[in-house]
1. Among 225, 65, 116, flag the residue with its Cα farthest along the positive direction of the charge dipole of the chain, charges on Cβ as +1 for Lys/Arg and -1 for Asp/Glu.
2. Most fluctuating residue of 127, 66, 25 in a GNM of the chain with Cα springs under 10 Å: which is it?
3. For the range 77-144 and the range 18-59, what is the separation of their Cα centres, given in Å?
4. Could you tell me the calculated FRET efficiency between residue 212 and residue 23, based on Cβ-Cβ distance and R0 = 25 angstrom, to the nearest 0.05?
5. Once you place label points 7 Å from the Cα toward the Cβ at residue 203 and residue 175, how far apart are they in nm?
6. Looking at this model, which pairs from 88/158; 155/210; 88/186; 158/233; 181/210 are more than 27 angstrom apart at the alpha-carbon?
7. In nm, to one decimal, how far is the modelled label at residue 113 from the one at residue 224, with both set 7 Å along Cα→Cβ?
8. Calculate, in nm to one decimal, what residue 147 and residue 232 gain on full extension: separation in residues at 0.36 nm each, minus their alpha carbon distance.
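We did not get these values from a lab; they are worked out from the coordinates using the rules stated. Here the structure is a predicted model, which is why all the values come from computation and not from measurement. Backbone-built Cβ (ideal geometry, glycine too); neighbour counts: all protein chains shown.
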Amino acid sequence: MVIVAHPDDIEFGCAGTMARWIQQGATICYVLVTSGDVGIADLSLSQEEAMTIREKEQDAAAAVIGVQEVVYLRHPDGMVVNDLALRKQLVREIRRFQPEVVVGMDPTAVFISENYVNHPDHRAVGGATIDAVFPSSGQPHLFRELEAEGLSAHKVRKLYIDSFGATAQVYINISAMMDLKIAALKKHVSQMGAWDPEPMLRQWAGELAKGKEMEYAEGFRVITLVSDEDWAKKGGANVFSMAEVVAAAAQGVETPGDEESVPQPLL
Ligand SMILES: [Zn+2]
């Protein structure tokens, strides 16, 4: 599951990695917190009309990559706040889709370069994503009312943070996916205008790949929240219902796997 602020954030960011994971059999869901309704600088266009255009462009970009699902939360563009309401919305999506990996934006990235300040929506959504992934989505008592929607706690195995390569520790080889990534970005016609984004995308991805055995890369900071050993013990299953936890506690045994599956203190 990828969680971002605006249409085109994923295509500038991690779309190459998503294409690769899909070709390896992954199912991917994009969650867009806003639909980019102030992202078209044309006052003759209403924000509603802009939203419609940008969602269509995002759907087309997702289709290029082969993404199975795109969710729009439709917060007002440019006004996103990392509050409990947004955290709960993201926890709902995580508990519903049950991703093994969540890819998010970096809330600590403010000054990306000498001529760009990271968008406040990117920072707010990045913070909300991290807060939703850990610990909220995995705690059965938190947002327990979501059980009424049939949604139980879910622990995400790994968090991938896309920070424009600034704090990357893991590099994904997207050389074979570069054409797809460029084609997906070009679907955002309203944002490209006459500008051809291809040279810049190739330059960025080429710089991230420098010194590695790849031509083009995307870089991430990766936080492993469920260890490989614990993940293997669960056989990949990663869902914890309140009933399982209560039953296990009553019997004095741990739920399938290990101590990871009992409620943890809020840190
Ligand atoms: Zn953006």
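1. 225
2. Of the options given, 25 has the highest mean-square fluctuation.
3. Centre-to-centre distance over Cα atoms comes out at 17 Å.
4. 0.80
5. 2.3
6. Result: 155/210; 88/186 exceed 27 Å.
7. Calculated label separation equals 3.4 nm.
8. Result for the pair: 27.9 nm of gain on full extension.
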